[in-house]
Amino acid sequence: MNVEEINKMSYPDFVGYINQWNVLPGAHVTLSKWAIFSRMDEKSKILQFACTTGFQARELSILTGCTGKAFDLSQQAVDMAIYNQKRYAPNSQITYFQADGTKLDLKEKFSHVIIGAGFQFFNDPKEAIRKTVEYIQDGGYLLASPFYIKKNIPQSLINEFKTVFGITPTVAGYKDIMSMFRDLEILYEDKNDLVEETEEELQHYCKCTIERACEIRQISDPLVKKSMFDRLYRIKEMSNKLRPYQSYSVLVLRYRKSVYPNRFVELF
Ligand SMILES: C[S@@+](CC[C@H](N)C(=O)[O-])C[C@H]1O[C@@H](n2cnc3c(N)ncnc32)[C@H](O)[C@@H]1O
């Protein structure tokens, strides 16, 4: 891989290439809430949409003993999810595979389907949520952690985000996001603000991730190494700039055949 190739890679492939642990909003804290409020345990069978390098499925399996499947569109990301499982969670029984969530055709159901904020990276987020419901068994759960905006993001930042990530950030407010989940029962919800990271925190995270990536990929060329660091730093810096405008909620939603797609419980 040379400098040009590093810079040309799509965002999801770059994440896979450097094995970034591309986490959901709230990271471990959100996983703990999901596990507790959806009563996840070793009998649970999970399906993760858009797993990137495997963080959510892997860590939930360590936390609860659950088993299951996880997939992503990016083969690079899936390869690293398998690598991470071997290195960091050798006892976890999650099968990772490459697939396009919009065309997924599995013949089984799961106790928990996990989407995190991943649906916001699909071309049609509402359709992505509908698709997840196809795989939830009666009485099972959808676990999400969507971003929403609390004040308008300046157009200049939206444009900058697009050049770094290749997609537009969520500009939907809280009610717009929640309306996408209106067919499901809300069993648990909380709302969270994001704290900006300091330059030192960003540097430390990027340094650790790129050192490991260079070890995995056996890269010693300082120019290639620097281009990997710089691209990751731009990604992190961009996400950080959006933080004052964003919040996220942690959601445990239930699918019940006898209720879906109605709302019989008023919102409080
Ligand atoms: C930034 S990550 C998700 C962020 C984080 N893991 C979370 O859940 O909050 C977005 C991922 O969605 C994947 N993705 C986008 N469209 C997809 C699709 N149609 N099918 C499967 N994965 C898709 C991308 O490959 C990328 O790895």
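Throughout, read-outs are computed from the coordinates displayed, never taken from laboratory work. Every value quoted in this text rests on a predicted model; they were computed, and no experiment measured them. For neighbour counting, all protein chains shown are included, and Cβ atoms are generated from backbone atoms with ideal geometry for every residue, glycine included.
Close amide H pairs (under 5 Å, H built 1.01 Å from N) link PHE110 with ILE136, GLN137, residues at least 5 positions away or on another chain.
Each residue of the stretch 49-60 is assigned a 3J(HN,Hα), and the resulting list reads 7, 6, 7, 6, 8, x, 3, 5, 5, 4, 6, 5 Hz, derived from the Karplus form 6.51 cos²θ - 1.76 cosθ + 1.60 (θ = phi - 60°), x at Gly and Pro. Scoring 96-107, 7-18, 200-211, 243-254 by mean Cβ neighbours within 10 Å over their residues and listing the highest first yields 243-254, 7-18, 200-211, 96-107. Of all lysines in the structure, the ones whose alpha carbon falls short of 20 Å from that of LYS162, not counting any fewer than 8 places away in one chain, are LYS8, LYS150, LYS151, LYS236, LYS241.
Which trypsin sites (Lys or Arg not before Pro) in the stretch 19-100 pass both tests, a DSSP loop state and at most 12 other beta-carbon atoms within 10 Å? Of the trypsin sites (Lys or Arg not before Pro), the ones in loops of the stretch 19-100 whose Cβ has at most 12 other Cβ atoms within 10 Å are LYS43.
Taking other C-beta atoms within 10 angstrom as a stand-in for reagent exposure, THR53, THR64, THR95 fall in the order THR95, THR64, THR53, fewest first. The GluC sites (Glu not before Pro) of the stretch 84-138 that DSSP puts in a loop, and whose beta carbon has at most 16 other beta carbons within 10 Å, are GLU108, GLU134.
Exposure proxy for THR67, THR198: other Cβ atoms within 10 Å of each Cβ, ordered fewest to most, give THR198, THR67.
Put a plus charge on the Cβ of each Lys and Arg, a minus charge on the Cβ of each Asp and Glu, and nothing anywhere else: the dipole of the stretch 3-254 about its Cα centre is then about 260 debye. The average projected area of the stretch 3-254, computed from the convex hull of its Cα atoms over all directions, is 12.9 nm². Placing +1 on each Lys and Arg Cβ and -1 on each Asp and Glu Cβ, with no other charges, gives the stretch 126-247 a dipole about its Cα centre of roughly 420 debye. Using the Karplus relation 6.51 cos²θ - 1.76 cosθ + 1.60 with θ = phi - 60°, the per-residue 3J(HN,Hα) values for the stretch 36-45 come to 6, 7, 10, 6, 7, 8, 5, 8, 6, 10 Hz, with x marking Gly and Pro.
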